[in-house]
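Written out below as structure tokens is the structure these notes cover.
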Amino acid sequence: MPKQHKNAMKGTGMPLTTAQHLIDYLKLIRHPEGGWFRETYRSPEQIHALALPERYGGSRVFSSAIYFMLEQRDISVLHRIKSDELWHFYAGSPLLIHSISPDGGYKALHLGSNVAAGEKFQAVVPAGNWFGAEIKGRGFALAGCTVAPGFDFADFEIANREELLERYPEHISLVRRMTKA
Ligand code: GUN
């Protein structure tokens, strides 16, 4: 966005209605899983490794949070982390979050503001589930993701297509569509 446009929007009450406005205003950067993000909170306090389940293999902060944005035709590819992830809906089109539990159980989480249509303002992806997201409508979706114990890239794994296909052949079309070749 041109600088004069950005400055003109500051404090004017002009609506931030496009993805680019919000990316700029919220200072979002690309996420390795797809989409855009910025960490907004990281607890200053740590949980000692000895107080955490062994899978973490180190200390973690109490909690962390990000803004997460997806644009039309962009997806968050299947990935997993070691903590539960709580998603919050903020603005734009609804998000469809696909979640596969370790035993292969599939769940679709509809994150959005149309409660009459069954969408949820908040949805949880349990630790260890493979999950990815796509936008259901047009434009963009802005959400938040909170993780406790806090997010660490050491706990983050992007799915390998061949490995997931071998493990979950029943989800072939989802895995093909939501992983990188
Ligand atoms: N920080 C960096 N990436 C992520 C993510 O995917 N989720 C959360 N909650 N925090 C992050």
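The values are calculated or read from the model by the stated rules, or taken from the named source; none is laboratory data. The structure presented is a predicted model; accordingly, all values stated were derived computationally and were not measured. Note: ideal-geometry Cβ built from the backbone for every residue, glycine included; neighbour counts use all protein chains shown. These area figures cover heavy atoms from the full protein model, side chains too; ligands, DNA and RNA do not enter into them. Shrake-Rupley method; radii C 1.70, N 1.55, O 1.52, S 1.80 Å.
Residues that are in contact with a strand residue (DSSP E or B) (Cβ under 7 Å, 6 or more places away or on another chain) and near the ligand (Cβ under 8 Å from one of its atoms) within region 151-164 comprise Phe151, Phe156, listed in sequence order. The condition of being away from the ligand (no atom under 11 Å from the Cβ) and within 28 Å of Leu52 (Cβ to Cβ) holds for only one of Ser63, Ser93, Ser99, Ser83, that being Ser99.
Screening Gly92, Gly105 for residues that are on the phi > 0 side of the Ramachandran plot and either free of Cβ contacts under 8 Å to residues at least 12 places away in the same chain or surrounded by 15 or more Cβ atoms within 10 Å (Cβ to Cβ) (or both) leaves exactly one candidate, Gly92.
The residues listed here are Gly144, Gly139; of these, the one that is open to solvent by 10 Å² or more (accessible area, probe 1.4 Å) and small (Gly, Ala, Ser) is Gly139.
To keep it simple, each residue is scored yes or no on (1) at pLDDT below 95; (2) open to solvent by 40 Å² or more (accessible area, probe 1.4 Å); (3) out of contact with any Ser or Thr (no Cβ under 8 Å at 6 or more places or on another chain).
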| residue | (1), (2), (3) |
| --- | --- |
| Ser76 | no, no, yes |
| Gly112 | no, no, no |
| Phe153 | no, yes, yes |
| Glu163 | no, yes, yes |
| His171 | no, no, yes |
| Arg176 | no, yes, yes |
